[in-house]
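The values are calculated or read from the model by the stated rules, or taken from the named source; none is laboratory data. All values reported here derive from a predicted model rather than from experimental measurement. Because the Cβ atoms are built from the backbone with ideal geometry, glycine has one as well, and the counts that use them run over all protein chains shown. Only protein heavy atoms, including side chains, enter the accessible area calculation; ligands, DNA and RNA are left aside. Shrake-Rupley method; radii C 1.70, N 1.55, O 1.52, S 1.80 Å.
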Amino acid sequence: ATVFLEFWKRRRAVLTYDWDLIDWEDEEEELRPQFEAKYSQVERVNPITGKPEPFQPFPDKLSRLMVSVSGIFFMISLVLTAVFAVVVYRLVAMEQFASFKWYFIKKYWQFATSGTGVCINFMIIMSLNVVYEKVAYLLTDLEHPRTESEWENSFALKMFLFQFVNLNSSIFYIAFFLGRFAGRPGKYNKLFNRWRLEECHPSGCLIDLCLQMGVIMVLKQMWNNFMELGYPLLQNWWSRRKMKRRGQSMENKISLPQWEKDWNLQPMNLHGLMDEYLEMVLQFGFTTIFVAAFPLAPLLALLNNIIEIRLDAYKFVTQWRRPMPARATDIGIWYGILEGIGVLAVITNAFVIAITSDYIPRFVYAYKYGPCTDQGYRQEKCLKGYVNSSLSVFDLSELGIGYSGYCRYANLLGFSLLCRYRDYRAPPWSSTPYEFTLQFWHVLAARLAFIIVFEHLVFGIKSFIAYLIPDIPKDLCDRMRREKYLVQEMMYEAELEHLQRERKKNGKQYHHEWP
């Protein structure tokens, strides 16, 4: 992510130079008509132009900002409510699928629960996105931004926050919360004292996380491509059909001038390239934040972008009206958002490796509890007995029941029926039954230590890479310095020529030196 952003800065510098925008600065923007109409009674002198202009008092600005922030938090809480609803569905579906009559569903009830939950979650995500856009418009207009660029930045930030939380909240739940609070046999935690909390698949939570990310990423990219190309195609087809109904024949339509044909195309979005930027930024987050859990995401993003480049070209040339050009030296607020995603990616991947995956428990077992303890090396044989070490023991006789599928693994030991479950707890015959063992605390300490070391190490490498890669390519820097030198030489020659003419005009002797 850091290399990508650093090379983008170099590419931006080249584009800025090619379009002769190196020394171009945004002119003083005109005030938005809505701002002028709202605050026409309050004026102050503009420090740049020296002319009076409408002014928004600080108390009014602060109160509107607080209302906007409250609206943002309310919508985020709505997302979390939707995630909670999906969690409740998964708990109910888990119970139904586990007792399903169809053997295939009953055997793979966990995959059935995860798959249906992902599809329902995707439909909720796409439905809420429509609501979020309207709410973002409303909150941004409520703030009454002073200029158009301020309005665009505020709207872009709200849209990113809404859609990022909407898209990734369920993924964060599966990665860091699923199965963490399920309890143990004999003392399972239940939601509303009715449904037992969901656990991860026996192979770990990474399977559920990969399924969630894969389905959402593929379906969302397919939906975005349809909305970007398929929807304008349908709209243009409907427009041509309506024109046909009005009695215009095909011959007359062909004879229309090109500008009139272009007028019948679909207009560009009111907020320009906002949707294009938002799609790419969300995809960038998907391919970096949980890449340790879903390494296929960058490949899927690459394939999607190769196709989407051509689809966007076809859409802009044949389906949309020509957009209004505007000068810009960068991508605005989106670059700061991309940098923020890069920082968040380091943190989340550290937690995914340390908490979601089995890397740390295996590491601790190999060096502390396995057959290679204190030998200073790690081989495949060092993990012998790891599965047995990661399973705790529960005595089913405490519940007064026999084996009926209550635990994943069961065996007879003497006259007791014991079952095994994933956890680090003391056996029932110990002095402290079902309490966490010393191995649990070793694994927890190793996880926390790994997170701290990993974050500092990666942040250090990230900063070092950013320092090594210059923002402007050397050849471009040399060309810019050459142009600056030539401009100074021209100014020098012009001033010298002007001085020579003045001295000749005044009859003074001319000397070849700089005055």
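At a threshold of 8 angstrom on Cα-Cα distance, excluding pairs fewer than six apart, so keeping six or more, what relative contact order does the chain reach in percent? It rounds to 15 percent for the chain.
Structural size metrics of segment 31-199, computed from C-alpha coordinates, are Rg and Dmax of 23.8, 80 Å. In this view, the solvent-accessible surface of residue 389, computed with a 1.4 Å probe and all protein chains in place, comes to about 30 Å².
Each of 496, 229, 345 was scored by the projection of its Cα onto the charge dipole of the chain, and the greatest displacement toward the positive side belongs to 229; charges sit on the C-beta of Lys, Arg, Asp and Glu. Note on the chain: helix-only mean residue ellipticity at 222 nm, from DSSP H runs of 4+ residues weighted -39500 (n - 2.57) and normalised by residue number, equals -20000 deg cm²/dmol. Based on Cα contacts under 8 Å between residues 6+ apart, segment 31-199 shows a relative contact order of 24 percent. Normalised per residue, the accessible area of segment 60-159 is 53 Å², obtained with a 1.4 Å probe and no contribution from ligands, DNA or RNA. Remark: segment 171-227 carries 49 Å² of accessible area per residue (probe radius 1.4 Å; ligands, DNA and RNA excluded). Only Cα sites of the chain enter the Debye sum here, all with the same form factor; the resulting log10 I(q)/I(0) across q = 0.08, 0.13 1/Å is -0.77, -1.41, listed in q order.
Roll a 1.4 angstrom probe over the protein heavy atoms and tell me the percent of accessible area of the chain that is carbon or sulfur. Looking at the chain in its full context, I get 63 percent from C and S.
Here residue 10 sits with roughly 50 square angstrom of accessible surface, probe radius 1.4 Å. For the pair segment 52-100 / segment 478-498, the C-alpha centres are spaced 58 Å from each other.
Pairs 158/220; 107/190; 38/158; 484/505; 9/134; 61/220: which are spaced more than 25 Å apart, C-alpha to C-alpha? Distance filter (> 25 Å) returns 484/505; 9/134; 61/220.
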